[in-house]
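Worksheet for the structure shown next.
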Protein chains: 2
Amino acid sequence: MATIKDIAKAAGVSVTTVSRALNGYSDVNAKTRERIEQTARDLKYSPNSLARSLVMNKSRTIGLLVSELSRSGAKDMFTYEVMCGINDAASDVGYDLILFSTNSAKQKQKSYTQLCRERQVEGVIMQGIKRDDPYIAEVIESNIPCVFVDVDVEGEYVGYVTTDNVFGAQMAVKHLLNLGHTKIGMINGHDYAHVSQKRRKGYERELTDAGIPIREEYMVNGQFLEPEAEIAAFALLQDHPEITALFCASDLMALGVMRAAKRLGLRIPEDLSIVGFDNILLSEYTTPPLTTVNQDKYQMGYEAAHLLTAMLTDGGSERQSATLDNQLVVRESTAPPR
Amino acid sequence: MATIKDIAKAAGVSVTTVSRALNGYSDVNAKTRERIEQTARDLKYSPNSLARSLVMNKSRTIGLLVSELSRSGAKDMFTYEVMCGINDAASDVGYDLILFSTNSAKQKQKSYTQLCRERQVEGVIMQGIKRDDPYIAEVIESNIPCVFVDVDVEGEYVGYVTTDNVFGAQMAVKHLLNLGHTKIGMINGHDYAHVSQKRRKGYERELTDAGIPIREEYMVNGQFLEPEAEIAAFALLQDHPEITALFCASDLMALGVMRAAKRLGLRIPEDLSIVGFDNILLSEYTTPPLTTVNQDKYQMGYEAAHLLTAMLTDGGSERQSATLDNQLVVRESTAPPR
DNA sequence: TTGTAAGCGTTATCAA
DNA sequence: TTGATAACGCTTACAA
């Protein structure tokens, strides 16, 4: 509870001198500094960052805005792993993280700018929000630096981190093509996700390059959810029994697809090959283990925080965005068609 | 960037009146209030919580201290799920979360009290720390309210949330006993975990109740880590081939044990029955699916935040701690011995 | 019902 | 090398 005032009194100097001594300014007599530091220790002083932030107008705090941070996200460790990366990168440079968890109900009450201003965060990292989220427009208008995870918006103070989703999808489809598949369906997420658009693009491009016509009816949405994907895949496979392989825009949805296949009596990979996306932890443990496209989630978070803190300190020089590589991980859910 | 000063000027009143109007005090003329609220909206005002916290000496912030928040924790969703619960409970009552991630290197630089005072958190939730962590003593001494997850310390301002680990372990062992096992080993975590002590107690008690002598050499530590557990279990099973069942203090370790069994050519559950603890997501997907003791991790977090905010507002009335029930989840990793 | 003024714990400007 | 003093944006006695 000791303040610099207390120290000043105890050490017989002014608060100014205490402040300067404790902050390592050079214009303080060595003896005085020593005495001040000692009394600070004696009084178990620790600075009040609130007061400091107020006067300096810098909070050394980053807001972490995760849309619907909830149990449902528990299954793919995506959010968590990204967070770990963010946390590590932020704490490396002395920033603390404040967690805003919003949902649409809360968003109605409080605008993005309000949220940030209130807590005086210096910058924001946004994760798990959809393309049509009203906050995105606010972010671009506002002058609070922000880095998005998996939404490709850029602006003066806005950047993003993502992986090469087009290429990732191409690798997945090429793998299927190489195995001899030609009737390849796709279970996508939803139209409001940046990654869905990109993965679809990769899927279509690879097919086109191979001279295979694109069939709209082979593409369905599973909302990035396991049960929804199961329903969608079930219907798709029932309507189009000629399909021998499915590319899923997420591992979680691939899980649902596996369930649908089981219900239809289809063996994996003999009757149906499945490729996922994300390489979530679970994908290694399914039966059979899932072939998928790996994304380095931790790195995404780390990079996001790094970009943001760079904007904050350098004043926004160099890169604002980053696209990370991803890799095909071949496991046992894919095989040549019968 | 508008402040109450700006509003005061624009609305032609004093800052006091603005403050009172915006905070819903009754002693403000309805007309004046309306005018003030309108100009606040016009100016896109949002309060500066830093300034407010400073003067009120209340930050409405909870510190979340997770020891070694890192990728290694990614495999069990424990940390994440608890966090979701904390987040939901905290935001229900208008508290924000600030993430402190410490590791021993940082702890040396900064004491617990310093950390909290600096950021002026009103209370703290601590997760993933060991019994011998130096912070624990600090917490008890300090007068900052704190709730621990899975460490049973109590004090004037200190409580904890845990599950009934003794009973959980008893259920696990009883299940094994009922199947006819008598040579039951235990892969524990380490001596610095509260839960390890409790689970061991449950294991020993149940065995004793069944008239089976406790054999020290049947108990080994796996540090709550998969590879360590694999090594420990491998050695144990090699030295004591008569063991037909293993109770593991965590699912993650059970995964390692399964690997060890495989390497030894033991089939699960025919040659070796395994029971885990936690019911992590993965346990459902292993081959075979793991019998385990479920803990409601989300609820633990929710309860922790609830206890803490109650302490903060009521001034520490009623309960300070909570012990949640857990349930045996029987899957396919257990069977009668041959 | 409204306003004046003090104060929260810092840092920054300026003068000594 | 040091110290008054103002300022950051807000709340709150106290007075009017």
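The values are calculated or read from the model by the stated rules, or taken from the named source; none is laboratory data. Note that the structure is a prediction, hence the values are computed from the model and not measured. Glycine gets a Cβ as well: all are built from the backbone with ideal geometry, and neighbour counts include every protein chain shown. In case anyone asks, the SASA skips ligands and DNA or RNA and just uses the protein heavy atoms, side chains included. Shrake-Rupley method; radii C 1.70, N 1.55, O 1.52, S 1.80 Å.
What the table shows:
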{"item": "The range B:20-32 - residue that is open to solvent by less than 50 Å² (accessible area, probe 1.4 Å) and more than 10 Å from DNA strand D (Cβ to nearest atom) and, of those, farthest from B:V121 (Cα to Cα)", "result": "B:T32"}
{"item": "Residue check, A:V147 open to solvent by less than 10 Å² (accessible area, probe 1.4 Å), at pLDDT 95 or above and in the same structural domain as A:G301 (by TED's automatic domain parsing)", "result": "yes"}
{"item": "Residue list for the range B:1-19, restricted to those being open to solvent by less than 80 Å² (accessible area, probe 1.4 Å) and assigned to a helix (DSSP H, G or I)", "result": "B:I4, B:D6, B:I7, B:A8, B:A10, B:A11, B:V15, B:T16, B:T17, B:V18, B:S19"}
{"item": "Test result for B:I125, within 14 Å of chain A (Cβ to nearest Cβ) and not in a helix (DSSP H, G or I)", "result": "yes"}
{"item": "Residue pairs meeting the criteria (Cβ under 6 Å; at least 6 apart or on separate chains; first within 11 Å of chain B (Cβ to nearest Cβ) and within 13 Å of DNA strand C (Cβ to nearest atom), in the range A:35-53; second open to solvent by 50 Å² or more (accessible area, probe 1.4 Å) and polar (S, T, N, Q))", "result": "A:S46/B:Q114"}
{"item": "Tally of residues being of a type outside the set (A, V, I, L, M, F, W, C) and within 22 Å of A:G189 (Cβ to Cβ) across the range A:264-273", "result": "1"}
{"item": "Lone unmet requirement of (1) more than 9 Å from DNA strand D (Cβ to nearest atom); (2) modelled with pLDDT of 90 or more for A:M1", "result": "(2)"}
{"item": "Filter pass, A:S59 being open to solvent by less than 30 Å² (accessible area, probe 1.4 Å), more than 16 Å from DNA strand D (Cβ to nearest atom), in contact with a helix residue (DSSP H, G or I) (Cβ under 7 Å, 6 or more places away or on another chain) and in a loop (DSSP other than H, G, I, E, B)", "result": "no"}
{"item": "Hits in the range B:20-34 - residues which are outside any helix (DSSP H, G or I) and either touching a His at 6+ places or on another chain (Cβ under 9 Å) or within 11 Å of DNA strand C (Cβ to nearest atom) (or both)", "result": "B:Y25, B:S26, B:D27, B:V28, B:N29"}
